[in-house]
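Working notes, structure below.
Bear in mind that the values in this text are calculations on the coordinates, not laboratory data. What you see is a predicted model, and the numbers here were worked out from it, not measured in a lab. All Cβ positions, even for glycine, are placed from backbone atoms using ideal geometry, and neighbour counts span all protein chains on display.
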Amino acid sequence: MASFIVLTPETGPGSDHEKTRFIRDGFSLIAFLFPGIWLLCHRLWLCGIGALMLQGLALELMGVRSQWSAGFALLLAISILTAVEGPMLFARSLLARGFVTDGLVSARDLAEAEDIYFSEIADSNSADIRPVERDIHVVKAGSGHSAAVLGLIGYDGGR
């Protein structure tokens, strides 16, 4: 199971569902394979440019016979750091742009996380409908837990 941080615009999730963002907390394979490009695509300009410059330096080091291992280690470090911390860096940038942390959803994939989150919003209006029992865990931001956490740590019952 993965955990997804739910970020909503300041207007709230009810007014514009399309702008609600679900960010998976964990390792990102795409960010590992293409760290600089991934950062630039998520509008993390300074980090993306820095990562591309460091990748260029690492490739130059790999071209020198005696410095190949140092270049490879630098390239691997950039990839791992971006893959592990990139999603939370993206979440922090959205928070700086005015998004609000609305909760943390534990689900198997993004589609299930969206179903769980939006069904909880719809169920708040109709209390007589019995919810479907699933192996899930939803933590709202105001429940005493910190929903936007830097790194791979999450909430009670997490990984």
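General observations
- Cα-based shape type of segment 31-95, given that a ≥ b ≥ c are square roots of the gyration tensor eigenvalues and the cut on a/c is 1.5: prolate
- Cα gyration tensor shape of segment 1-56, rounded if a/c is under 1.5, else prolate or oblate by comparing a/b with b/c: oblate
- Simple spin-label estimate for I49 and S66 in nanometres, 7 Å along Cα-Cβ: 3.4 nm
- The stretch between L40 and S119, if pulled fully straight at 0.36 nm per residue, gains 25.1 nm over its current Cα-Cα span.
- Modelled spin-label separation between R21 and L89, with each label point placed 7 Å from Cα along the Cα-to-Cβ direction: 1.4 nm.
- For the peptides 61-74, 89-102, 27-40, residues were scored by their other Cβ atoms within 10 Å and the scores averaged per peptide; the highest-first order is 27-40, 89-102, 61-74.
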